[in-house]
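One structure is given below, encoded as structure tokens.
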Amino acid sequence: MDQQQTPFLDSLNKAKNAREYSFHMPGHKFIAGVNTPITDFMGEAAFEADLNEISPGVDYLHAPKGALVEAQRLAAEAVGADRSFFLINGSTVGNQASMLAAVRDGQTVIVPRSAHRSVYGGLILSGANPVYVPPVYHPQVEFPLAVPLGTVRELLVSHPNAAAVQITSPNYYGYLSDVRGLATLAHEHNIPLLVDEAHGAHLPFHPDLPASGVQVGADLVVQSSHKTVGALTQSALLHLSGTRIAAAQLEQILSLIQSSSPSALLMASLDAARQQMATHGRELLTRTIQRAAHAREAIRNISGLWCYGDELVGAYGIFAHDPTKLVIRVVDTGMNGHIFAEHLAHEHNVYGEFVDPKHIICSITIADDEQRVDYLLNALKSVAARGKYKIDSSTSAGLTPPNLPQMIINPRQANFAPSKSMPLAQAVGEICAEQIMPYPPGIPLLLPGERIDADMLDYLHYVKAQGVSIVGPEDTTLEYVRVIDKQT
């Protein structure tokens, strides 16, 4: 196929220029003046191209027949997949669709505890019983950076009826698991490997980057094209390889959980981003990798800072590293990650991708030129030079989370069971009815269906004292927690 082509983008542009007299939705009728504030903000083209399948020539996401079929075929060929599907609800819907396609209600799936919250949404939707890969916290980074192959092998032996293995690779920190080895292992048990590769949409397009899961045998791979290759936010791809997952079933599932009013703008951005990466990705990424390498070396020469890289590969399950991710240790400056990030933001208008108690993670992409990278380096140097900000070691030191809680009922059953709110201090022995996830690092401490024990209660009090943001519960202050109501 000719990767220079952008069939869906071209069809949308043709339909936009036709300037039809619309007496159908959307309500703005593609007329920019209908909403002046938004027109002033976004420009007229955003309205003129906000077309839908009623407009002649605009293919429909859930029943494609023309340009969108070709666009998805081009996307599959560009990365080496058998089929590719455009996603307009982000990698979130891709992870949920993967789970629904691979695992049935009551079946077992092996999942890292450090999975994205969308994967837990997939567990609730599917009714699957999770068996968690316990997080192995890296002693320097204090976050689980990969899924050890040996641990998954042991879990497959102890759970021979597992229906699938799901992993995240790469993660926010840019470290990858042995996806090829995990795919081989899963296939030896005749089950699929599902990969949340949201942060790796750029991986297939340069030989100096780690291999994408698509290239090393994964059955389903989810990629957020908006994260690293320039598509609009909420645009993503789901790649299918092999025959362990039925394409027709996957299409049906996607039609159930994606919007029935898909944004043509998002789909056009996927088509355009694929075309650019397939035809110029190597050139663009060569510069990106070089600029990230320059930044990493420069950061290592700034007093009080360190930037991790390939030196972590080979231990704790880490198989490879994405060099475009800058994992910057800042605590040696006397500031924790959150304080350092506040100074970057308030004094230099610089925002990283992710902050934890010890690090700031910055992503270098094809959009970053030398000037932008130099600005980041100067900002880091300026903040690091402060030195007078000291952190209290008693509050900055990490406390290892307790062992994984006992699952009493599966996430789906717990999510829909009657529940009640009660004081956290009185909740020992109760079954949690909601997600409780400190962010960062984004690893759930409790999920629906898990018992709250005394060790977990102590840790939750510790997390509260640190002022860590909590995602998931009804009461994010953790004064109260929802538990399964045993009286009903």
Practice prompt. Could you list, in sequence order, all residues of region 73-105 that are part of a loop (DSSP other than H, G, I, E, B) and either touching a residue at least 60 places away in the same chain (Cβ under 8 Å) or not assigned by TED's automatic domain parsing to the domain that holds N171 (or both)?
Written response: G80, A81, D82, I88, N89, V103, D105
Worksheet entry | Residues (within 12 Å of the chain's Cα centre (by Cα) and of a type outside the set (V, I, T)) located in region 97-119 | S114, A115, H116, R117, S118
Fill in: Given (1) touching a Leu at 6+ places or on another chain (Cβ under 7 Å); (2) outside any helix (DSSP H, G or I); (3) surrounded by 19 or more Cβ atoms within 10 Å (Cβ to Cβ), number of the condition L460 does not satisfy
(2)
Worksheet item: Which members of region 94-108 meet the condition of being surrounded by fewer than 24 Cβ atoms within 10 Å (Cβ to Cβ) and of a type in the set (A, V, I, L, M)?
Response: L100
Worksheet item: Taking helices (runs of 4 or more DSSP H) that do not extend beyond region 165-262, which have at least 1 residues that are over 29 Å from A293 (Cα atoms)?
Response: 179-188, 247-257
Worksheet item: Any idea which of Y459, Y480, Y439 is under 20 Å from Y137 (Cβ atoms) and either touching a Pro at 6+ places or on another chain (Cβ under 8 Å) or at pLDDT 90 or above (or both)?
Response: Y459
Worksheet item: Is one or more of the residues making up region 384-400 in a helix (DSSP H, G or I), of a type in the set (V, I, T) and at pLDDT below 95?
Response: yes
Practice prompt. For region 415-449, enumerate the residues that are farther than 18 Å from Y480 by Cβ and of a type in the set (G, A, S).
Written response: G442, G449
Worksheet item: Does region 106-123 hold any residues that are among the basic types (K, R) and either assigned to a loop (DSSP other than H, G, I, E, B) or within 18 Å of A247 (Cα to Cα) (or both), and which are they?
Response: R113
Practice prompt. Please find, among G33, G57, G27, the residue that is assigned by TED's automatic domain parsing to the domain that holds Q234, in contact with a Phe, Trp or Tyr (Cβ under 9 Å, 6 or more places away or on another chain) and surrounded by fewer than 19 Cβ atoms within 10 Å (Cβ to Cβ).
Written response: G33
Worksheet entry | Sole exception among (1) on the phi < 0 side of the Ramachandran plot; (2) at pLDDT below 95; (3) not aliphatic (A, V, I, L, M) for E142, by number | (1)
Worksheet entry | Number of the exception - C307 against (1) in a strand (DSSP E or B); (2) more than 28 Å from V179 (Cα to Cα) | (2)
Item to complete: Would you be able to say whether some residue in region 425-445 is surrounded by fewer than 21 Cβ atoms within 10 Å (Cβ to Cβ) and part of a helix (DSSP H, G or I)?
Response: yes
Worksheet item: Taking interchain pairs and intrachain pairs at least six residues apart, which have beta carbon atoms under 6 angstrom, with the first residue in region 115-132 and free of Cβ contacts under 8 Å to residues at least 60 places away in the same chain and the second surrounded by fewer than 23 Cβ atoms within 10 Å (Cβ to Cβ) and part of a strand (DSSP E or B)?
Response: V131/T108
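The values are calculated or read from the model by the stated rules, or taken from the named source; none is laboratory data. All values derive from a computational prediction rather than experimental measurement. Here the Cβ is made from the backbone with ideal geometry for all residues, glycine too, and neighbour counts use every protein chain on show.
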